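**Student:** Take a look at this one; I'll ask things after.
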Amino acid sequence: MAFLYRFEVCLEEKDVIAVITAANDEEAFQHLDVELEKFYLQLPKIVDVTLREKKLIGKNAGFILDEDERGW
């Protein structure tokens, strides 16, 4: 069983959204660190990480990412 996680990552300069697949919460946070290190040539200072959504991956699972909609 796998889950789809949506994180809000607050960096010093801006906020970014990260979507991660993992078997559990611990693996999701660990893989988030890996993806951030791979994405940025020089890892920016991470101020805060918030798990915003977690969904069981199935036939119909997804997220809408709208930068103007900050109601989550």
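**Student:** Considering each residue of region 4-28, count those that are in contact (Cβ under 8 Å) with a residue 40 or more places away in the chain and closer than 15 Å to A61 by Cα, and give that number.
**Tutor:** 4
**Student:** Related question: Mind checking which residues of region 29-57 are without any contact (Cβ under 8 Å) to a residue 12 or more places away in the chain and assigned to a helix (DSSP H, G or I)?
**Tutor:** Q30, H31, D33, V34, E37, K38, F39
**Student:** Search region 47-62 for residues being open to solvent by less than 60 Å² (accessible area, probe 1.4 Å) and modelled with pLDDT under 90, and hand back the single one that is farthest from A2 (Cα to Cα).
**Tutor:** Only one residue tops the list, namely G62.
The rows are residues; the columns are (1) on the phi > 0 side of the Ramachandran plot; (2) under 12 Å from the mean Cα position of the chain (by Cα); (3) open to solvent by less than 70 Å² (accessible area, probe 1.4 Å); (4) not hydrophobic (A, V, I, L, M, F, W, C).
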{"site": "Y5", "(1), (2), (3), (4)": "no, yes, yes, yes"}
{"site": "V9", "(1), (2), (3), (4)": "no, yes, yes, no"}
{"site": "E12", "(1), (2), (3), (4)": "no, no, no, yes"}
{"site": "V16", "(1), (2), (3), (4)": "no, yes, yes, no"}
{"site": "T21", "(1), (2), (3), (4)": "no, yes, no, yes"}
{"site": "D33", "(1), (2), (3), (4)": "no, yes, no, yes"}
{"site": "E37", "(1), (2), (3), (4)": "no, no, no, yes"}
{"site": "L41", "(1), (2), (3), (4)": "no, no, no, no"}
{"site": "K45", "(1), (2), (3), (4)": "no, no, no, yes"}
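**Student:** Taking region 36-46, which residues are hydrophobic (A, V, I, L, M, F, W, C) and at pLDDT 90 or above?
**Tutor:** Those that are hydrophobic (A, V, I, L, M, F, W, C) and at pLDDT 90 or above: L36, F39, I46.
The values are calculated or read from the model by the stated rules, or taken from the named source; none is laboratory data. Every value quoted in this text rests on a predicted model; they were computed, and no experiment measured them. All Cβ positions, even for glycine, are placed from backbone atoms using ideal geometry, and neighbour counts span all protein chains on display. With ligands, DNA and RNA removed, areas are computed over all heavy atoms of the protein, side chains included. Shrake-Rupley method; radii C 1.70, N 1.55, O 1.52, S 1.80 Å.
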